[in-house]
Amino acid sequence: MHTYAWWPTLIVLSVATFTDLRSRRIPNWLVGPFLVLGIVASAWLHGWHGLGQSFGGLGLGLLIYGFLFWMGGMGAGDVKLAAAIGAWIGPNQLFIALIVTAMAGGIMVLGWALFSGHLKDMFKGAGDHLKRKMPYAPAIAVGTLISFFAR
């Protein structure tokens, strides 16, 4: 467990969730410094191994969420947030976080569709439900924070 990453991650995820819910955006001024500090903290605390873990987590976040962004199912802010989280927690914990995030996101999508009246359209394949965007930072926050306790 990367205990040194808990508080910075909690703070960034709280702000990212708030801004994503409010404006459907995750600001670069939040994610950029968080990413850089994750690389620096990992290298400082764990040397070359930490630096490798940091870049491995960053790469995993970019690879998986970058692909989803490319397919049109994810915003660029979500990709940058996942990469920055990976820089703090490394690829092993990020992999767990992404799995839990996917489960949380699926539950949130169903809840969003139910409460917005689009659930029937979603299952019938009708309507323009793919054009409706749901903020994903809350799911990323849930998945990431649970991953701290998964080991």
Residue in segment 74-87 that is in contact (Cβ under 8 Å) with a residue 12 or more places away in the chain, of a type in the set (A, V, I, L, M), out of contact with any strand residue (DSSP E or B) (no Cβ under 6 Å at 6 or more places or on another chain) and not in a helix (DSSP H, G or I) present: yes
Some residue of segment 95-104 being at pLDDT below 95, under 20 Å from Ile11 (Cβ atoms) and under 17 Å from the mean Cα position of the chain (by Cα): no
Test: residue in segment 113-132 that is at pLDDT 95 or above, in a helix (DSSP H, G or I) and buried (at least 17 other Cβ atoms within 10 Å of the Cβ): no
When residues of segment 69-117 are limited to those that are of a type outside the set (Gly, Ala, Ser) and in contact with a Leu (Cβ under 6 Å, 6 or more places away or on another chain), the one nearest to Thr19 (Cα to Cα): Met74
Residues satisfying the stated conditions in segment 1-60, i.e. loosely packed, with under 14 Cβ neighbours inside 10 Å and not in a helix (DSSP H, G or I): Met1
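The values are calculated or read from the model by the stated rules, or taken from the named source; none is laboratory data. Since the model is a prediction, treat every value here as computed from it, not as a measurement. Please note: Cβ atoms are built from the backbone with ideal geometry, for glycine as well, and neighbour counts cover all protein chains shown.
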